[in-house]
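Comments concern the structure below.
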Amino acid sequence: MMILLGRLKWLFPSFLMLIISLLALLGEIHLGICFSHSNKFVDSNNNGDNALQLRKNVEAVTELPTLTFREPSNSSSPNRLEETAPCKDDKPCVQKNFAVRIAQMFNKTSDAATSSTCNKSVEISEPSETAGTDVCEDDSDDPSTSGDFAELLRAMESKDLGSEIPSNLPGGLLVDQLYLTAPQDLNSLLFSPDASFPRSLAEIQGTTEQQFGPWKLENGGESLKRMVTYIKAATKLIKAVKAYEEQSYLKADGKVFAVLAIVSTPDVMYGGTFKTELLYCISPGPELPSGEQTSHLVVSWRMNFLQSTMMKGMIENGARQGLKESFEQFSSLLSENVKLVDLKDLGSTKDQVLASLQAEPQSDWKLAVQYFANFTVLSTVIVGLYVVVHIWLSPSSTLQGLEFVGLDLPDSIGEFIVCGVLVLQCERVLEFISRFMHARVRKGSDHGVKAQGDGWLLTVALIEGNNLAAVDSSGFCDPYVVFTCNGQTRTSSIKFQKSDSLWNEIFEFDAMDDPPSVLDVEVYDFDGPFDEATSLGYAEVNFLKSNVSDLADVWVPLRGKLAQACQSKLHLRIFLTNTRGNNVVKEYLNKMEKEVGKKINLRSPQANSAFQKLFGLPLEEFLINDFTCHLKRKMPLQGRLFLSARIIGFHANLFGQKTKFFFLWEDIEEIQVFPPTLSSMGSPIIVMTLRQGRGMDARHGAKTQDEAGRLKFHFQSFVSFNVAHRTIKALWKARSLTPEQKVRIIEEESETKMLQSEESGSLLDLEDVNLAEVYSSTLSVPTNFLMELFGGSELERKAMEKAGCLNYSYTPWDLEKADVYERQIYYRFDQHISHYRGEVTSTQQKFPMSDRKGWVVQELMTLHGVPLGENFNLHLRYQIEDLPLKPKSTYVRVFIGIAWLKSTKHQKRITKNILSNLEDRLKVLFGVTEREYAKK
């Protein structure tokens, strides 16, 4: 074969002359051929006579008559040669092009050039761009100028169908930074054909022979692509290699630009088995107070393996290190060309945004038009006018039937039906008038209570709601929003008869020692504090899966049957700031060291960064400790357990098969330790049980799921089990506030209240409260046994749980003064009692009656987390008396009074709901007491 090729190369000049002679018979040809000294068709060892003869043949070819290459008239392919008539100045360029194509044709490095003769025309295929050939073209004819580049982007923008922004590649983030420039300008700086930034970066990184192909629209204008070739600088391990990079726009809508770069290096070892993919995503950043635009640049990467290889792990590690160093230089150079955004400038936008919020600007006339401009009101007015005119025109009728003076009854069935319709119409109009009065009264509201303390401050601005579900037959709802974070609850005002509500209210949460994990948002329809509430939708804002900067202005879609059917959503602005500075990590570790009983070392920034990238966490999340262990599923899987302030995560990599998940500390309902077994290799097992419906993203790592739908995770084979167990328990307790801790907080608050009330009188002073009797009954229970209902016994806990009081806890009775005892109580309402998930803090006092024949129990109840709960307090009085004539019987009377702290137009509705709920609760309490006594 080699001998045959050797002979063919000597026959090539003669064969070429024969082809040209045949073509000359068909027309004119103007052809120039030039071979460089490195031509592979000329033997370097015998470059004498053969080379000279070849040059003579080439010179002879150039002196032949000109033959013009023409395309068929029906051809529009850009890969075909246009009609050319090059001048003498273009002769070296054409010679080089034709020589290169002939060399490619014989070396098989590009697509074979096919030639055919049809109607005196010849078609010649262009070589592939990836061949990296040098094509001599005039710069003025380059289709990839900056003007054309902008036109191509506009053409792609016109065909954008509103697709979502591509998600980051799983390899990790290489760049995540805000820049003080518009997204369009940053995109042009990085990817415009005449941009100087890529060339400057190539000089810094030692990249040579960098060539940029033109941007071209493909797939009907849906994608924009170009090819870039360059030689990467040599490193300590790898020599200089040539790289081929294909850049394509995945999205370009004028505001967001996403460019996918696929880099292949076939000359390196195993280079044919993988490609490196880089995703550049440029999106608008938050607007600065000065009005300047910002851009958010995120660069992520991954390795795309075309074939399986045993060197996959080594290739990924090497690529990760190389990309990290390369993009450090990238970020450094980019920061010199574009100014970085200072986070302090972003922090100042919070006050500006919150100060701009104002209550809904609606006049009485606008409200009147909104509520009364409907068919019901208009038809009623028209019919009413018609009836008035009819009465005016009609003469007075004589009395007949059962009528008498002052009573005019309908004289026919038709008149009776018309009267009924008029009554119904008038009733509907009165309902509209009532709605109008409610909306007029509730136009404005305050902006919540200011946050207290030092730590993590959460501020939520509720702007508006869109398409909230209507549960009333009138097509309206009375929505309000409940925010819950770290056990704190904030409730918005009620917007009466609104489906598209405008709140513009601000809610601040007291400072938290640890950064919050989740903000729960739920929208309800108001119908009294204790009535059955209808949920209009709910949402969850996860601070671990969202950047705080992205939450500064966000539309949150609501979930739930009603919300999803109506596509309901809320407009929120969320700000999370830390007032403790940079010492928050050290302070938290010092606190955990006391709980764990062991020194916890501060992790390096590199370890924290790797931990954040591994699980996709925000920058404020920091690693506390990690342990090597086994995850028990069907088979034990060795990996590492990572612990931070808000999450517990697991990661394993077994022969390239990665297992990764995490869940929140708040999701854990119970942590148990099982004794060692043979399957656990003699190690105790830590079993974590999540709450129902929580941690579903991590269900692939759970060993079992119980009947209640709770996931169970088994971890075993710790190197130091005691340290791992103590650390896990301490972090879990820090994030889960127990009822006992809440009682302790209540005690501290009650002490403060008692100090404040020493000069103003007793805390339970009922002189200014009107009490009304709501319950009285004779119970077949002795007084001493009934008093156990207030004595902290098992009877009290069981009865309160039956009455719908969850997490019921109390403090011991303390003697305040002669024969007067006092204690504090805390509990939450069950869902069937109140869908607002409200909480109650109560102070009770008991003292014997003057005649010593019974007891009096007074109670002051404060409701938290229910609408308008801050407007009133509840005062209860239990009178428990002995019945001398009926042994083992007790007469009970219960009185209630409501102390209104703020005036409201809904006092009657609230009072009615409270009385109804209290009667049901008292019946349950005393019913359980009688049954328990009967069991004895």
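Residue-by-condition table, conditions (1) among the β-branched types (Val, Ile, Thr); (2) at pLDDT below 80; (3) assigned to a loop (DSSP other than H, G, I, E, B); (4) in contact with a Pro (Cβ under 7 Å, 6 or more places away or on another chain):
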position: 287; (1), (2), (3), (4): no, yes, yes, no
position: 298; (1), (2), (3), (4): yes, no, no, no
position: 308; (1), (2), (3), (4): no, no, yes, no
position: 315; (1), (2), (3), (4): yes, no, no, no
position: 324; (1), (2), (3), (4): no, no, no, no
position: 328; (1), (2), (3), (4): no, no, no, no
position: 333; (1), (2), (3), (4): no, no, no, no
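Can you tell which of 263, 268, 228, 259 is more than 21 Å from residue 154 (Cα to Cα) and either open to solvent by less than 10 Å² (accessible area, probe 1.4 Å) or under 25 Å from the mean Cα position of the chain (by Cα) (or both)?
228
Just checking, which of 376, 380, 349 is modelled with pLDDT of 75 or more, hydroxyl-bearing (Ser, Thr, Tyr) and crowded, with 16+ Cβ neighbours inside 10 Å?
Unique residue meeting the criteria: 380.
Give me the pairs: first residue in segment 627-652 and over 18 Å from residue 697 (Cβ atoms), second residue open to solvent by 30 Å² or more (accessible area, probe 1.4 Å) and basic (Lys, Arg), beta-carbon distance under 9 Å, and six or more apart or on different chains, which are they?
Listed by first residue and then by second, the contacts come to 627/640; 628/640; 629/640; 632/703; 634/703.
Quick one: which residue in 204, 238 is at pLDDT below 85, open to solvent by 20 Å² or more (accessible area, probe 1.4 Å) and not aromatic (Phe, Trp, Tyr)?
Every option except 238 fails the conditions.
Does segment 815-823 contain at least one residue that is at pLDDT 70 or above, on the phi > 0 side of the Ramachandran plot and in a loop (DSSP other than H, G, I, E, B)?
yes
Given the conditions (1) open to solvent by 50 Å² or more (accessible area, probe 1.4 Å); (2) over 34 Å from the mean Cα position of the chain (by Cα); (3) at negative phi, which single one is not true for residue 246?
Only one criterion is unmet by residue 246, namely (2).
Which pairs do you get when a residue that is of a type in the set (Asp, Glu), found in segment 285-298, comes within reach of a residue that is open to solvent by 60 Å² or more (accessible area, probe 1.4 Å), reach meaning Cβ atoms under 8 angstrom, with the pair 6+ apart or on two chains?
The qualifying pairs are 287/293.
Are any of the residues in segment 661-676 among the polar types (S, T, N, Q) and more than 15 Å from residue 728 (Cα to Cα)?
no
Which members of segment 685-711 meet the condition of being assigned to a loop (DSSP other than H, G, I, E, B) and open to solvent by 30 Å² or more (accessible area, probe 1.4 Å)?
Across segment 685-711, the qualifying residues are 691, 692, 693, 694, 703, 706, 707, 708, 710.
Among the residues of segment 773-793, what is the count of those that are within 21 Å of residue 874 (Cα to Cα) and in a strand (DSSP E or B)?
4
Any residue that is open to solvent by 70 Å² or more (accessible area, probe 1.4 Å) and assigned to a strand (DSSP E or B) - is there at least one of those in segment 795-814?
Yes, segment 795-814 contains a residue that is open to solvent by 70 Å² or more (accessible area, probe 1.4 Å) and assigned to a strand (DSSP E or B).
Look at segment 853-889 and say how many of its residues are over 22 Å from residue 783 (Cα atoms), among the β-branched types (Val, Ile, Thr) and open to solvent by less than 20 Å² (accessible area, probe 1.4 Å).
1
For residues that are buried (at least 16 other Cβ atoms within 10 Å of the Cβ) and assigned to a helix (DSSP H, G or I), tally how many sit in segment 893-914.
Selection size over segment 893-914: 5.
Can you work out which of the residues in segment 315-329 that are within 16 Å of residue 207 (Cα to Cα) and out of contact with any Phe, Trp or Tyr (no Cβ under 8 Å at 6 or more places or on another chain) is least open to solvent (accessible area, probe 1.4 Å)?
If we take residues in segment 315-329 being within 16 Å of residue 207 (Cα to Cα) and out of contact with any Phe, Trp or Tyr (no Cβ under 8 Å at 6 or more places or on another chain), then 327 is least open to solvent (accessible area, probe 1.4 Å).
Residue 676 versus (1) open to solvent by 10 Å² or more (accessible area, probe 1.4 Å); (2) out of contact with any Pro (no Cβ under 6 Å at 6 or more places or on another chain): which is the lone unmet condition?
Every listed condition holds for residue 676 apart from (2).
Could you list all residues from segment 593-626 that are in contact with a strand residue (DSSP E or B) (Cβ under 7 Å, 6 or more places away or on another chain), free of Cβ contacts under 8 Å to residues at least 40 places away in the same chain, surrounded by fewer than 17 Cβ atoms within 10 Å (Cβ to Cβ) and among the basic types (Lys, Arg)?
Residues satisfying the conditions do not exist here.
Give just the number: which of (1) closer than 17 Å to residue 722 by Cβ; (2) at pLDDT below 90; (3) part of a strand (DSSP E or B) does residue 669 not satisfy?
Condition not satisfied by residue 669: (1).
Please verify whether segment 550-567 includes one or more residues that are closer than 29 Å to residue 623 by Cβ, in a helix (DSSP H, G or I) and either touching a residue at least 40 places away in the same chain (Cβ under 8 Å) or open to solvent by less than 70 Å² (accessible area, probe 1.4 Å) (or both).
Yes - at least one qualifying residue is present in segment 550-567.
The values are calculated or read from the model by the stated rules, or taken from the named source; none is laboratory data. Since the structure is predicted, the reported quantities are computational estimates derived from the model, not experimental observations. Neighbour counts run over all protein chains shown; Cβ positions are idealised from the backbone, glycine included. All accessible areas refer to the heavy atoms of the entire protein, side chains included, with ligands and DNA or RNA removed. Shrake-Rupley method; radii C 1.70, N 1.55, O 1.52, S 1.80 Å.
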